[in-house]
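Data first, discussion second: the structure below is written as structure tokens.
The values are calculated or read from the model by the stated rules, or taken from the named source; none is laboratory data. Since the structure is predicted, the reported quantities are computational estimates derived from the model, not experimental observations. Cβ placement follows ideal geometry from the backbone for every residue including glycine, while neighbour counts extend to all protein chains displayed. Areas reflect the complete protein model, heavy atoms only, side chains present, ligands, DNA and RNA absent. Shrake-Rupley method; radii C 1.70, N 1.55, O 1.52, S 1.80 Å.
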Amino acid sequence: MSRVVFVNGEYLPYENSKVHIEDRGYQFADGVYEVFAVIDNKLADYDAHMSRLLRSLSELNMKLPYSKKSIFFHISNIVKHNLISNGLVYLQISRGVASRDFKFPNNTKSSLIIIGKNMSLDEHTNAFDKGINVSTTRDLRWKRVDIKSLNLLAPVLAKQAAYEKNCQESWLLDDDGYITEGSSSNAWIYRDGTLITRPVSNSILNGITRSTLIRGLKKRKIKYKEAKFNLDDVKKSSEAFITSATQHVMPVVRVNSIKIGKGVPGPRALDFSAAYMESLKLTEL
Ligand code: PDD
């Protein structure tokens with residue numbers, strides 16, 4: 001069956017899906033997005049992702065272009081049409097199409113696109129079993145990365161730099177040398193029996209996977225702390241992780257030249273992953 005995407009009210013074949021050249025998402029990155037994980041044909045933490053989407057929209061003075069009910073209906077159709085059992089849904093809303101002008105256009109309807117993608121569970125399991133390598137780079141992003149906006153050039157450059165060093169993720173360093181987060185994930189270290197991640201502020205995205213993992217840690221009575229950490233703390237860590245909708249809880253085994261633990265996923269990795277999995281809210285489609 002061929003792949004189908006949703007573009008501004010229409011279901012189109014993936015190959016013929018197009019947006020206008022004056023879409024403000026294309027010209028200004030003027031829009032927001034969400035990535036929802038699909039796990040066993042269900043949406044993971046759907047309500048939390050929708051709440052964050054509404055917050056991102058409101059911070060940019062934008063509105064949902066369709067009702068919440070119809071958005072759920074279209075997401076559900078995309079998952080079903082494309083037979084996605086495990087993978088993701090990418091949903092993007094831009095401020096719409098208008099003749100290029102920096103200020104907001106009047107009476108322009110926002111553009112909405114929804115794309116579904118299957119992801120192999122085996123690939124994920126293999127990555128989890130091996131762990132990933134991370135390199136660091138300066139955090140060059142704007143000062144409102146709490147908004148999940150389309151403004152992703154700095155993360156693109158960071159991820160490419162990581163890739164060229166044989167790493168799968170980049171951790172971003174603020175001006176004081178503290179790690180803010182990954183280019184597309186939240187960052188964690190496990191040190192002295194405590195899992196540590198940076199507190200929520202305008203300088204990180206408030207990850208849904210991060211919040212779900214924290215719920216799981218509380219349930220399992222695993223010690224955690226929201227605190228800034230730097231590369232010296234990384235050196236003293238026995239384990240490290242990233243979290244995101246697509247990576248779930250993924251062990252990190254090297255940061256630059258620092259080997260984490262024994263250079264393989266540590267003894268707590270399965271625990272933390274299970275804490276996340278058991279705290280997920282799954283929505284049937
Ligand atoms: N990225 N931090 C950044 C900068 C991110 O881009 C993401 C997610 C996260 C984790 O958020 P969540 O747990 O809600 O997925 C943190 C998505 C997956 C992406 O851009 O593809």
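Length available on full extension from GLU59 to ALA274: 0.36 nm per residue minus the Cα-Cα distance, which gives 74.0 nm. Annotation: per residue accessible area for region 141-200 equals 46 Å², rounded to a whole number [probe 1.4 Å, protein chains only]. Surface composition of region 60-142: carbon plus sulfur atoms contribute 54% of the solvent-accessible area (1.4 Å probe, protein chains only, all chains present). When the chain is treated as a Gaussian network with alpha carbon springs shorter than 10 Å, the biggest mean-square fluctuation among GLN92, GLN27, GLN168 belongs to GLN27. Residues of region 163-187 falling in the label zone of ASP232, defined by backbone nitrogen less than 14 Å from a point 7 Å along Cα to beta-carbon, are 176-179. Quick check: from the Cα gyration tensor, does region 1-62 come out rounded (a/c under 1.5), prolate or oblate? Oblate is the answer for region 1-62, as a/c is 1.5 or above yet b/c matches or exceeds a/b. Pairs from the table (LYS68/LYS109; LYS219/LYS281; LYS80/LYS130) lying more than 20 angstrom apart at Cα are LYS80/LYS130. To put it simply, the accessible area of region 228-285 at a 1.4 Å probe is 52 percent carbon and sulfur.
Anisotropy class assigned to region 127-285 is rounded, per the alpha carbon gyration tensor with a/c under the 1.5 cut-off. Take ASN86 and VAL264, extend 7 Å from each Cα along the Cα→Cβ direction, and tell me the distance between the two endpoints in nm. Modelled inter-label distance: 2.1 nm. Once each part is reduced to its C-alpha centroid, what is the distance from region 44-97 to region 159-220 in angstrom? Between the Cα centre of region 44-97 and that of region 159-220, the gap is 24 Å. Considering helices alone, the calculated mean residue ellipticity of the chain at 222 nm is -8500 deg cm²/dmol, with DSSP H runs of length four and up weighted by -39500 (n - 2.57) and normalised per residue. Each of LYS221 and SER120 was given a label point 7 Å from its Cα along the Cα-to-Cβ line. The distance between the two points is 4.2 nm. Once the Cα atoms are used to define both axes, helix 269-279 deviates from the longest principal axis of the chain by about 40 degrees. For region 209-226, backbone phi angles converted through the Karplus equation (6.51, -1.76, 1.60; θ = phi - 60°) give residue-by-residue couplings of 5, 4, 5, 5, 4, 4, 4, x, 5, 4, 4, 7, 6, 8, 5, 9, 9, 9 Hz, Gly and Pro being listed as x.
Across PHE229, PHE102, PHE241, mean-square fluctuation computed from a Gaussian network of the chain (C-alpha pairs under 10 Å connected) peaks at PHE102.
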